[in-house]
1. If contacts are Cα pairs under 8 angstrom and at least 6 residues apart, what is the relative contact order of the range 176-232 in percent?
2. Averaged per residue, what accessible surface does the range 356-410 expose to a 1.4 Å probe, in Å²?
3. For a test of the definition: using alpha carbon positions, the gyration tensor, and the 1.5 limit on a/c, classify the range 1-117 as rounded, prolate or oblate.
4. Per residue, how much accessible area does the range 213-289 have with a 1.4 Å probe, in Å²?
5. Using the structure shown, list the pairs from Lys66/Lys280; Lys101/Lys188; Lys176/Lys236; Lys176/Lys280; Lys66/Lys188 with a Cα-Cα distance above 31 Å, or answer none.
6. Per DSSP helix of 4 or more residues, -39500 (n - 2.57); summed, then divided by the residues of the chain. What does that give at 222 nm, rounded to the nearest 500?
7. Would you compute the Debye intensity of the range 283-408 from its alpha-carbon atoms alone, equal scatterers and no solvent, and pass along log10 I(q)/I(0) at q = 0.12, 0.13, 0.19 Å⁻¹ to two decimals?
8. So, with a 1.4 angstrom probe, what is the percent of accessible area on the range 114-186 that is carbon and sulfur?
Amino acid sequence: MDRLAGNARLMIVSDLDHTMVDHHDPENLSLLRFNALWESNYRNNSLLVFSTGRSPTLYKELRKEKPMLTPDITIMSVGTEITYGNSMIPDEGWVEFLNKKWDRNIVSEETSKFPELTLQSETEQRPHKVSFYVQKDKAQDIMKALSTSLEKRGLDVKIIYSGGMDLDILPQGAGKGQALAYLLTKFKAAGKLPNNTLVCGDSGNDAELFSIPDVHGVMVSNAQEELLQWYAANAKNNPKIIHATERCAAGIIQAIGHFNLGPSTSPRDVMDLSNTKMEKFDPAYEVVKFYLFYERWRRAEVEHSERYLANLKSVCCPSGTYVHPSGIEKLLCDCVNSLKTCYGDKQGKQFRVWVDQVLPAQVGSASWLVMFKKWEQSGEVRQCCLTTVLLSSEDVSVTQGLTWVHVHQTWLDGAGPNSQTTWLF
């Protein structure tokens, strides 16, 4: 909440499974396209919010499986848990609010009377969420009967059915929509209401997001029938909500362009990044562009040309240094030379590189310090370094690009060196 001094330029609030994350895309291309767009154009002045039905346990599992960015805010367990930042600090005010007219023991007692309900795994049972599986043809009748029995016991609950099988029971004040409304109220009270908010979803438990006033919304092309039915009944005349023609994260990018919320061309969609026309020095874009080239070079997706390496050398300070996470120090120009021997060494293999939390800070009239996490995945092996880069605009034009003066990397805890892989940059 406190990372931005003023109003966020854009706040994206996105569901994860089948919205931000496409489980039918083994290369994770749409997610990687979104990542590059966000880190190069939005991270510094906007907010990324993940809103998922997953519990913290399953959310952390997904992060290990997919190349996901780190959100500023995480809403989990169908809007019953709100946490902030890398450390996922819980919002205590939200916990207090949800405790009203809620008794988990009574919910457990009443639901035990319905043999059609199958309890989900222990990790999915949360302080303000009780979750079951139920057959689609029995869902509506059970929801009505449950609602009546819990009301008689003095509880005020909400029952959400989604995904054709998941039934969640929450406090009436909970849910993805209410969690977002709560956040917007907090932002408004602090004088930091985002300039624009884009909500993104694919299933029934996302419908509430689209009900929040004044937000833009995108239902991805692969949205489920239950959400499309809600849209037809409640929002088909709302010009701020669209049904994208693209799947998952590609549909989110499409919506950014459709609503003119900001740049919508991902650097991953630009084949020759050396010809990018820049209006001003942009440290975040320089970082994203460099590591995208590095990935393409090793996958042999760019021409095997000395021109590219000469361009890289031209943006490295002659005396510039690189400190490898092992502690070994080299000249940046020597690191560029070492790329000659690894052209195409990952061709035809599952090899991807992405950067996360790219945050530049101007530290002088012509210099920037950029901090970020640099991730590299080769097959099943994933590694990450905390990276700091010093960039300079001294004696260069915007067209020439910023000069790389110093790069320093340290292994991220739990994502360090592996005997199977080589860490070059």
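The values are calculated or read from the model by the stated rules, or taken from the named source; none is laboratory data. Being a predicted model, the structure only gives us computed values, none of them experimental. A quick note on method: Cβ atoms are made from the backbone with ideal geometry, for glycine too, and the neighbour counts reach across all protein chains shown. All accessible areas refer to the heavy atoms of the entire protein, side chains included, with ligands and DNA or RNA removed. Shrake-Rupley method; radii C 1.70, N 1.55, O 1.52, S 1.80 Å.
1. Working: 64 pairs, mean separation 20.8, N = 57.
So the answer I get is 36 percent.
2. On the way: 2350 Å² over 55 residues.
It amounts to 43 Å² per residue over the range 356-410.
3. Numbers: a/c = 3.02, a/b = 1.46, b/c = 2.06.
Oblate is the answer for the range 1-117, as a/c is 1.5 or above yet b/c matches or exceeds a/b.
4. Numbers: 3910 Å² over 77 residues.
Here the residues of the range 213-289 average 51 Å² of exposed surface.
5. On the way: Lys66/Lys280 33 Å; Lys101/Lys188 27 Å; Lys176/Lys236 20 Å; Lys176/Lys280 38 Å; Lys66/Lys188 33 Å.
With Cα atoms farther than 31 Å apart: Lys66/Lys280; Lys176/Lys280; Lys66/Lys188.
6. Values: 12 runs with 126 residues, N = 425.
That calculation yields -9000 deg cm²/dmol at 222 nm.
7. -0.45, -0.53, -1.18
8. Carbon and sulfur together cover 52 percent of it.
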